[in-house]
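Following: one structure in structure tokens, then a few remarks.
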Amino acid sequence: MFKKKKHTPFSVLVLAGGRSSRMGLNKDKGHMQFKGTSLIEYVLVNILSIEGVDKNNVIIVGPKEKYSRHGFTVVEDLYPQKGPLGGIFSGLQYSNTFYNLVIGYDMPFVESKLVEYMLSNSKGYDMVIPTYGKELYEPLCAIYSKNCLKTMEQNLKNNILAVRGIFPRCKIRWIREEEIRIFDSELHSFFNINFQSDFKKAEILLYQRGKNIGKG
């Protein structure tokens, strides 16, 4: 019998600290309805389909009063109002694993096989980041190691808040578009919901994805 290949231990950091201002409503988009549940619940269920993930290694980074109800560990920002960089830093600081998948709470279609491939390419790197198109990259569907913490904190203290500000001091494995498309041919993993109209787009994508799965 073959031994099952061991996966790199990792945690999942779900960034849920955004203000949802682009929704045009006084609502938290994470708790808006999507396919019979809330958006964040849909995202969490999708995350649990990734091999090696269970409730014990998922951390929501956001306000406890909003997200404790979901039954996962919730960590609040150590550097409030510092955007995604502050959220990533807070989750990394709390996590007890060296490698961590960071995703936004508004990204419902992250492909589990893509994540597993990214993790398999993490050894020897501080970060693993997908890149596609003309110099586009996705820092909120990426792997971060604890090696990033020192540079992140220095930048946060100096109010250098763009995530890309840490890139020059980190060893990065870029996952190229041709690699991504092996697991996610339409790049749906990087679709995120920012506007009310995006909920409708997401439902159309979900329908199309279901049809394609049926053909397989």
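Side notes on the structure shown:
- Unique residue being within 18 Å of Leu92 (Cβ to Cβ), in contact (Cβ under 8 Å) with a residue 12 or more places away in the chain and not in a helix (DSSP H, G or I) when the list is Leu161, Leu156: Leu161
- For the stretch 34-43, filtered to residues that are out of contact with any helix residue (DSSP H, G or I) (no Cβ under 7 Å at 6 or more places or on another chain) and in contact (Cβ under 8 Å) with a residue 40 or more places away in the chain, the residue that is surrounded by the fewest Cβ atoms within 10 Å (Cβ to Cβ) is Tyr42.
- Of everything listed in (1) touching a His at 6+ places or on another chain (Cβ under 9 Å); (2) in a helix (DSSP H, G or I); (3) at pLDDT below 95, the single unmet condition for Glu51 is (2).
- Residues (part of a helix (DSSP H, G or I) and in contact with a helix residue (DSSP H, G or I) (Cβ under 7 Å, 6 or more places away or on another chain)) located in the stretch 180-205: Ile180, Phe183, His188, Ser189, Gln196, Leu205
- Taking the stretch 123-165 as the range and being in contact with a Ser or Thr (Cβ under 8 Å, 6 or more places away or on another chain) and either buried (at least 21 other Cβ atoms within 10 Å of the Cβ) or closer than 23 Å to Ser189 by Cα (or both) as the test, the residues that pass are Lys123, Tyr125, Asp126, Met127, Val128, Pro130, Tyr137, Glu138, Cys141, Ile143, Ser145.
- Filter result for Ile182 (over 19 Å from Leu92 (Cα atoms) and either touching a Pro at 6+ places or on another chain (Cβ under 6 Å) or in contact (Cβ under 8 Å) with a residue 60 or more places away in the chain (or both)): yes
Let's see how each residue does on (1) at negative phi; (2) touching a Phe, Trp or Tyr at 6+ places or on another chain (Cβ under 6 Å); (3) at pLDDT 90 or above:
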residue	(1), (2), (3)
Ile160	yes, no, yes
Ile172	yes, no, yes
Glu177	yes, yes, yes
Glu186	yes, no, yes
Phe190	yes, no, yes
Asn194	yes, no, no
Asp198	yes, no, yes
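The values are calculated or read from the model by the stated rules, or taken from the named source; none is laboratory data. Source: prediction; values computed, not measured. Glycine also receives a Cβ, built like all others from the backbone with ideal geometry; neighbour counts cover every protein chain displayed.
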